[in-house]
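Contents: one structure, followed by commentary.
All of the numbers you see were taken from the coordinates with simple rules; none came from a lab. Bear in mind that the values here come from a model prediction, so they are computed numbers and not experimental data. Ideal geometry is used to build each Cβ from the backbone, glycine not excepted, and the neighbour counts take in all protein chains shown.
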Amino acid sequence: MPKVLHLLYAIALLFGSHLVGFAWELQSGSYTINQDWSQEQDYERRYFVHVPDSEEPLPLFIFLHGNGGNAEKSMQGFIRRYKVLSKRYNMVFAQGYLKSWNIVSERSQAPDREFIEAIVTKLTEYSNVKDSGAVLMGSSNGAALVNQFAIETKLDHFSHYITVVSQLNAWQHDGTAFKAKGLDNNYTESVVALKGKCLMNVSGANDQLVPYAGGPSKGIRAKDGKLAFVDAERSIFLWAQHYGFKGEQLSRPSESSEAMDVFSYLDGAVVHYKMKTRAHNAGGALTEAMLLKFLNQSKL
């Protein structure tokens, strides 16, 4: 945090309610959260913030990069591509430890759910940040963390989750229940995820890294060999079922075009886009119009 902001914050704490007219506002820049875990002690974990001009407080939109990704570069690319979206939210881009997120057998063993929760808790203290309606979006390994976050968190600030090229993996849902990661990454504890959320998934029909039809990845390792995934269409149905859908899994798309099939549940509050000609690059077909349509959905 910039030194001048530290000074202002100290003044605010010193004078408290006696400081008439003081507005502690979030600013664009680089911030850190300190954490301890098996690989590090008092480690500064970085995240980048883009705050648009607005007369009203805006909700948070947190983006999680894929394996090997860079949060600052992700921010630059995202804001260039999604100009309207980036004016409607306080945009946050978190950096994964060792450029990855701790799912099953990644290099990072960091407490990533707690990292995201700490970011939200800290940023919603600012006067220009809404404490509801937050969005969590991730790509690939980042999307796997979005799934795990949605499964485990008890923080109710989020209304929408977006997962790009990573549906549920077989450790996160065993066919019967959602699973907490646990301290040892063994995913043995069944948990009930928070309800009342909206969730979008985008997957590529030709993806070999995260196979669309489920089964083991050709490249992502796990403790028992290669990381296995739930079928993408089954995965979105499991989320829809959790959020209150009572019917059978869709056997045909709700909408279809040459480029994609759409599987929509609960009036679009839970929706899956199958990109027919795409592989692990399916996120490239995700337009701003698609995102805005989804984000206009209300909480279930």
- prompt: In percent, what relative contact order does the chain have, based on Cα pairs under 8 Å that are 6 or more apart in sequence?
  reply: 14
- request: On a C-alpha basis, how far is the centre of region 108-135 from the centre of region 47-96 in Å? Whole number, if you could?
  value: 13
- request: For helix 71-81, report the angle its Cα long axis makes with the longest principal axis of the Cα atoms of the chain; keep it between 0 and 90° and round to the nearest 10°.
  value: 80
- request: Restrict the search to region 152-189; then list the chymotrypsin sites (Phe, Trp or Tyr not before Pro) that DSSP places in a loop and that have at most 10 other Cβ atoms within 10 Å of their Cβ.
  value: none
statement: Among Leu168, Gly214, Val120, the residue whose Cα sits farthest towards the positive end of the charge dipole of the chain (+1 at Cβ of Lys and Arg, -1 at Cβ of Asp and Glu, taken about the Cα centre) is Gly214
statement: The size of the Cβ-based charge dipole (Lys, Arg +1; Asp, Glu -1) of the chain about the Cα centre, to the nearest 20 debye, is 620
message: Could you list Thr277, Thr124 so that the one with the fewest beta carbons within 10 Å of its beta carbon is first and the one with the most is last?
response: Thr277, Thr124
query: In the set (i) 47; (ii) 41; (iii) 61, which value of percent of Cα pairs over 25 Å apart was calculated from the structure you see?
result: (i)
message: Let's see if you can work this out: charge +1 on each Lys and Arg Cβ, -1 on each Asp and Glu Cβ, no other charges. What is the dipole magnitude of region 249-296 about its Cα centre, in debye to the nearest 20?
response: 140
message: Test of the criteria: in region 231-300, which trypsin sites (Lys or Arg not before Pro) are in a DSSP loop and have at most 12 other Cβ atoms within 10 angstrom of their Cβ?
response: Lys246
task: Could you work out how far helix 141-152 tilts from the main Cα principal axis of the chain, as a 0 to 90 degree angle to the nearest 10?
output: 80
